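Peer 1: To start, I am sharing the structure in question, which I have written as structure tokens.
The values are calculated or read from the model by the stated rules, or taken from the named source; none is laboratory data. Quantities reported herein were computed from a predicted structural model and do not represent experimental measurements. Please note: Cβ atoms are built from the backbone with ideal geometry, for glycine as well, and neighbour counts cover all protein chains shown. Protein only, heavy atoms only, side chains kept; ligands, DNA and RNA dropped before computing areas. Shrake-Rupley method; radii C 1.70, N 1.55, O 1.52, S 1.80 Å.
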Amino acid sequence: ELASTAANVLRRAERGTSAGDGDILSRRWLLIDLDPCRASNVSSTEAEHDAARTLAGRISAALIAEGWPEPVVCDSGNGAHLLYSLDCPADDSGLVKRVLERLAERFDSPMVKVDRSVDNPARISKVYGTLACKGESTLERPHRGSSVLSVPVQLATVDLQLLEVFAGSERPAPAAGRPS
């Protein structure tokens, strides 16, 4: 039904007219979005941009060592993306959220953070090949193009059990009251 709203045409989405989480049947990608720490409405500096790409390499290597397949590696224009192929229902009982939280716990630094907010099934992401245009383009904080940097020769899907082991069980909420 959703495809019939704009079949093979491009239309500006009005508020409330785009697909929502309830419209998504399954997840095909896990997006790990690495953002340099900076004001939200400005482009990254070269150092911030490089720090995000460096962290992407560290995360990819660490996950490969734990049995994950190679990701698709992308430059978001301001940071970096790692994309892992999934075969997962849209209602994953919070699995993707827990994976992103665990990644953030392990890899966040003062310079770069794992974006924990990209866990919802209807998340809209970068169209690679487009410009990242936050704020004004300056010499220190230029607008940059986004791009796909590498794609594995054989794209493998992450096993859901591997994700469950990585994410661990849901943590209980902290008890109310004063700490002892």
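Peer 1: Would you confirm whether any residue within the stretch 75-83 is at pLDDT 95 or above and among the hydroxyl-bearing types (Ser, Thr, Tyr)?
Peer 2: yes
Peer 1: Continuing with the same structure: Within the stretch 148-155, identify whether any single residue is open to solvent by less than 70 Å² (accessible area, probe 1.4 Å) and not in a loop (DSSP other than H, G, I, E, B), and answer yes or no.
Peer 2: Checking the stretch 148-155: at least one residue is open to solvent by less than 70 Å² (accessible area, probe 1.4 Å) and not in a loop (DSSP other than H, G, I, E, B).
Peer 1: Ok, one more. Quick check on my filter: what residues within the stretch 104-120 are out of contact with any Leu (no Cβ under 9 Å at 6 or more places or on another chain) and farther than 21 Å from Thr45 by Cα?
Peer 2: Ala104, Glu105, Arg106, Asn120, listed by residue number.
Peer 1: To continue, here is another question. Specify which of the listed residues (Ala52, Ala56) is surrounded by 13 or more Cβ atoms within 10 Å (Cβ to Cβ), touching a residue at least 40 places away in the same chain (Cβ under 8 Å) and not in a strand (DSSP E or B).
Peer 2: Of Ala52, Ala56, the one residue that is surrounded by 13 or more Cβ atoms within 10 Å (Cβ to Cβ), touching a residue at least 40 places away in the same chain (Cβ under 8 Å) and not in a strand (DSSP E or B) is Ala52.
Peer 1: Taking Ile32 as meeting all but one of (1) in a strand (DSSP E or B); (2) out of contact with any Phe, Trp or Tyr (no Cβ under 9 Å at 6 or more places or on another chain); (3) among the aliphatic types (A, V, I, L, M), write down the number of the exception.
Peer 2: The number of the failed condition is (2).
Peer 1: Looking at the stretch 77-112, which of the residues that are open to solvent by 40 Å² or more (accessible area, probe 1.4 Å) and within 14 Å of the chain's Cα centre (by Cα) is farthest from Asp50 (Cα to Cα)?
Peer 2: The residue in question is Lys97.
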